[in-house]
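The values are calculated or read from the model by the stated rules, or taken from the named source; none is laboratory data. Worth saying up front: this structure is predicted, and the values here are computed from it rather than measured. Here the Cβ is made from the backbone with ideal geometry for all residues, glycine too, and neighbour counts use every protein chain on show.
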Amino acid sequence: MNADLPARDDDQPPDGLPGPPGPPSLPARARPLRRRRRTLRAAALAAAAVLGAGVMTAVLLVRATPSWWQPPDPADARVQIIAAELEQGATAQLQRVRPEAGSGAPGSGAWTVHLSEDEANAWLAARLPDWIASRSRDFRWPEQLGRVQVDFRDGLVCLGAEVFASSGGRNPAAGQHVSASVRPVMTRNGALWTPARAFYVGRLPVPASLVLDEPAPS
């Protein structure tokens, strides 16, 4: 005679018998160690992500072109005319005979020369290499040096140049742009100083201490 037994869950042990063993529990001192390891792992991943983002940003800034970089075409007839007129006008002003300063005669006071950004860049594009070569027979325009340009803004003069790693090609897309910002200062004795304020590779600022030598102690 079979007695009907009540249905029982397979995971439940029979009454009076111990259940299956559970997962082993970690010692109390091991639990903080695991939490510390997880925290350090997360911190390392976050630091790696920040470092990678910083490196990528730096690369993009180095390869970026300055916002003001738009050098004129030296073969443009208008650019050549502006450059020639500027050079002739500057030569005439420098060679002009003026009364001695302080004599009180007309024209003996301070005199100024106006130079626009377009005029400066036209001359740099169309005349600079030939002008330097005419004053030095041994000078050869470096093959690694491409176009140059200036930008006037907020009392600063930004001097920019396009450089190439080798002389094998002059593709503008492969050029690297470097620039420096200077603030021209005219002293009382007529000396012109152009202390540098900032340096850039592409659009990445470079500390001046990496470019300029420290002044020698006097």
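Here are some notes:
- Each residue in the range 164-192 was checked for being touching a strand residue (DSSP E or B) at 6+ places or on another chain (Cβ under 8 Å), more than 19 Å from Ser116 (Cα to Cα) and at pLDDT below 90, and 7 pass.
- Residue in the range 8-19 that is at pLDDT 85 or above and in a loop (DSSP other than H, G, I, E, B) present: no
- Residue within the range 193-214 that is part of a strand (DSSP E or B), at pLDDT 80 or above and farther than 25 Å from Ser67 by Cα present: yes
- Among residues of the range 49-90 being hydroxyl-bearing (Ser, Thr, Tyr) and either in contact with a strand residue (DSSP E or B) (Cβ under 7 Å, 6 or more places away or on another chain) or in a loop (DSSP other than H, G, I, E, B) (or both), the one that is surrounded by the most Cβ atoms within 10 Å (Cβ to Cβ) is Thr65.
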